[in-house]
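The values are calculated or read from the model by the stated rules, or taken from the named source; none is laboratory data. Given the structure is predicted, the values throughout are model-derived calculations rather than measurements. FYI the Cβ positions are ideal-geometry reconstructions off the backbone, even for glycines, and counts take in every protein chain you see.
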Amino acid sequence: MSTRYTRTADKSLNDKHTRILKDLLQKSANKYCADCKRKDPRWASWNLGIFVCIRCSGVHRSMGTHISKVKSVDLDTWIPEQIESMIKWGNERANVYWEANLKEKTPSESNIDQWIRSKYEQKRWAMRGSIPDPSTLGGQNEEEVIILEEEEKEEE
């Protein structure tokens with residue numbers, strides 16, 4: 001049974017996570033779906049660290065949680081591990097990795113399902129080797145450092 005204190009703490013943490021997600025969605029690369037480039041994504045694959053539109057989120061869900069773990073930015077409750085993944089990755093860094101060897105543009109709407117599966121299931125255009133530390137894929141912004149430091153302080 002939860003107490004008043006834990007409910008308040010949970011609400012406070014949820015509010016904080018909502019603010020962080022809102023801030024992350026203000027970054028230019030995160031303003032668009034990581035896959036089809038539609039504007040204003042409201043879903044995320046937290047283990048991949050990407051923001052996606054509702055259509056692409058359905059494709060991600062259909063691939064299974066061993067590949068993509070999808071949550072709503074607005075409707076779901078997030079835990080610190082999930083938020084940390086979104087902070088560390090984001091659409092820009094994730095696509096540097098997943099689209100490293102991509103030569104053609106994102107396909108038309110009619111071909112997007114298979115394209116997403118090729119991107120994540122088959123790792124068709126991904127960098128060779130193991131998945132790198134995301135900080136090696138681009139500079140870390142000051143705000144990312146601040147957010148991560150705040151998360152670490154709260155865990156202590």
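Residues Met86, Met63: which one is of a type in the set (A, V, I, L, M, F, W, C) and under 22 Å from Ser28 (Cα atoms)? Can you show your working first?
Working: Met63 fails: under 22 Å from Ser28 (Cα atoms).
One residue alone meets the criteria, Met86.
Figure legend. Inter-residue proximity from the range 56-77: first residues of a type in the set (Asp, Glu), second residues surrounded by 15 or more Cβ atoms within 10 Å (Cβ to Cβ) and not in a strand (DSSP E or B), beta-carbon distance below 7 Å, spacing 6+ or different chains. Indicated pairs: Asp74/Arg42. Of all the residues in the range 19-42, those that are without any contact (Cβ under 8 Å) to a residue 60 or more places away in the chain, surrounded by 15 or more Cβ atoms within 10 Å (Cβ to Cβ) and polar (S, T, N, Q) number 0.
The numbered conditions (1) over 17 Å from Lys16 (Cα atoms); (2) at pLDDT 95 or above are all true for Ile83 except (1).
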